[in-house]
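Notes to accompany the following structure.
The values are calculated or read from the model by the stated rules, or taken from the named source; none is laboratory data. Computed from a predicted structure; not experimentally measured. Counting neighbours? That spans all protein chains shown, and the Cβs are built from the backbone with ideal geometry, glycine included.
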Amino acid sequence: MEITDIRIKKVAGDSKMKAVASVTFDNAFAVHDVKVIEGPEKLFVAMPSRRTPDGEYRDIAHPINSEMRNILESKVLSAYEAIEDEAPADAE
């Protein structure tokens, strides 16, 4: 399975969430709402999740193994870093 497209939307403001991404696999399957989060020491990727009735959050879609998680995180963070220095869309 190959990541064939990543679209990043920066989030304005001082939130820990820096961007939201949509990731396409094999030009055939897309996962939306992948988040780029600023952690205590570095940026990381959080998968889309839903709140359960007991208040916990559970991933809706996620990599099954650490190899795919590392590939996904690396590519999403690279795409984010590529647009990081761009001016926000409302700054025109």
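Being closer than 13 Å to E84 by Cα, touching a strand residue (DSSP E or B) at 6+ places or on another chain (Cβ under 9 Å) and not hydrophobic (A, V, I, L, M, F, W, C) is not true of K35.
Give the residue, chosen from M68, M1, that is surrounded by fewer than 13 Cβ atoms within 10 Å (Cβ to Cβ), farther than 20 Å from A82 by Cα and either within 9 Å of the chain's Cα centre (by Cα) or touching a residue at least 60 places away in the same chain (Cβ under 8 Å) (or both). Show your work before the answer.
On the way: M68 fails: surrounded by fewer than 13 Cβ atoms within 10 Å (Cβ to Cβ).
Just a single option satisfies the conditions, and that option is M1.
Cβ-Cβ distances below 6 Å connect the following pairs, each with a first residue in region 74-92 that is more than 16 Å from T4 (Cβ to Cβ), a second residue that is surrounded by 12 or more Cβ atoms within 10 Å (Cβ to Cβ) and modelled with pLDDT of 65 or more, and a separation of six or more residues or different chains: L77/L43; Y80/I8; Y80/A19; Y80/V36; I83/I8.
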